[in-house]
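Engineer: Handing you a structure now.
Bear in mind that the values in this text are calculations on the coordinates, not laboratory data. None of the values given here were measured: they were computed from a predicted structure. Neighbour counts are summed over all protein chains in view; Cβ atoms, including those assigned to glycine, are modelled from backbone coordinates with ideal geometry.
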């Protein structure tokens, strides 16, 4: 695959991902309580599967571009030091997760990548299985397996050495988020983890 369309559910945000293949990305279904809390905060059906998992494709930020609708991109954090979680304000779906501009790594919900069959990106490993809802699905593990961690570290190191963190559609040239993130306080956060 060379160029894959990326868009929000309603089509207001449209972009592309380049250089997408099992060699250039990492794929996992994340069942962590933070991803589930984010999905609850979004309030949009279908963000997670029946077990609370989000199918995530992790890749270099420079592989992502937005051609239209970037004004609909918003960011939030579940806590002051939490991941930056980008979403669309038009249809409230995830549009990317990142630590910071210094870490050349973005996680995209696979459903945002149009016309890409799941098997084309390699197998997904279910991680953070201790937070699964309704019984652990086959293949889910409590933590990320060593092989997955090694693959992610290898990709991250290569992206860092080759400067693949920039340009980034999420951060400006100084490394600041293009949209100031909303940071949830304890009162806003607590109910999201009770579900």
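Engineer: Taking the alpha-carbon set of the range 1-127, what are its Rg and Dmax in Å?
Structural biologist: 13.4, 37
Engineer: Counting only helical runs of four or more DSSP H residues, what would the 222 nm mean residue ellipticity of the chain come to if each run contributes -39,500 (n - 2.57) and the total is spread over all its residues?
Structural biologist: Working: 3 runs with 34 residues, N = 195.
My calculation for the chain gives -5500 deg cm²/dmol from helical runs alone.
Engineer: Taking only Cα atoms and a 10 Å spring cutoff, compute GNM fluctuations for the chain and point out the largest among 137, 177, 169.
Structural biologist: 137
Engineer: Would you list 149, 56, 125 from fewest to most Cβ contacts within 10 Å?
Structural biologist: Numbers: 149 13, 56 23, 125 19.
Fewest to most other Cβ atoms nearby, the residues stand as 149, 125, 56.
Engineer: Related question: Quick one: plug the Kirkwood hydrodynamic radius of the range 8-81 (C-alpha pairs) into Stokes-Einstein at 4 °C, 1.567 mPa s, and report D in µm²/s.
Structural biologist: The calculation lands on 91 µm²/s.
Engineer: What is the Cα convex hull volume of the range 67-195 when expressed per residue in Å³?
Structural biologist: On the way: hull volume 20.4 nm³, N = 129.
Output value, Cα hull per residue: 158 Å³.
Engineer: Would you mind pulling out the separation of the Cα centroids of the range 1-39 and the range 89-119, in Å?
Structural biologist: Between the Cα centre of the range 1-39 and that of the range 89-119, the gap is 3 Å.
Engineer: Taking a virtual spin label 7 Å from the Cα of residue 10 along the C-beta vector, which residues in the range 46-72 bring their backbone nitrogen under 18 Å of it?
Structural biologist: Only 46-47, 67-72 fall inside the zone, counting backbone N under 18 Å.
Engineer: Measuring from a point 7 Å past the Cα of residue 180 along Cα-to-C-beta, which residues in the range 55-85 have an amide N at less than 16 Å?
Structural biologist: Residues passing the 16 Å test: 74-77, 80.
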